[in-house]
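The values are calculated or read from the model by the stated rules, or taken from the named source; none is laboratory data. A quick note: this is a predicted structure, and the numbers were derived from the prediction, not measured. Cβ placement follows ideal geometry from the backbone for every residue including glycine, while neighbour counts extend to all protein chains displayed.
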């Protein structure tokens, strides 16, 4: 029994480590982080994506993963949001998301 618990703990640690390495790899390949502010026009928590529209009407679809830092309150459509993202694999990946207001 103790061996199974230890094995599960090791696997969980490995999974978290791999997610962090994958996120660092995306940052290294993509270059600089960019920041965007606006409001959440569309939110898809099942697929971990959101569409942000700024005051000029420009919009971006941004993805996040388990390594993304979620700051502030719960994300909801229509809510102000600011986030940092990198471009990798022809997509925009959030490195941090602050819902409910500006400032990092």
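State yes or no: is residue 92 in a loop (DSSP other than H, G, I, E, B) and either crowded, with 16+ Cβ neighbours inside 10 Å or at pLDDT 95 or above (or both)? Judged against the criteria, residue 92 is not a match. Does residue 75 satisfy being in contact (Cβ under 8 Å) with a residue 12 or more places away in the chain and over 13 Å from residue 34 (Cβ atoms)? Spelling it out, residue 75 is indeed in contact (Cβ under 8 Å) with a residue 12 or more places away in the chain and over 13 Å from residue 34 (Cβ atoms). Within region 55-72, the set of residues being under 16 Å from residue 33 (Cα atoms) and assigned to a loop (DSSP other than H, G, I, E, B) comprises 64, 65, 67, 68. Report yes if some residue within region 57-65 is exposed (fewer than 15 other Cβ atoms within 10 Å of the Cβ) and at pLDDT below 65; otherwise report no. Looking through region 57-65, none of the residues is exposed (fewer than 15 other Cβ atoms within 10 Å of the Cβ) and at pLDDT below 65.
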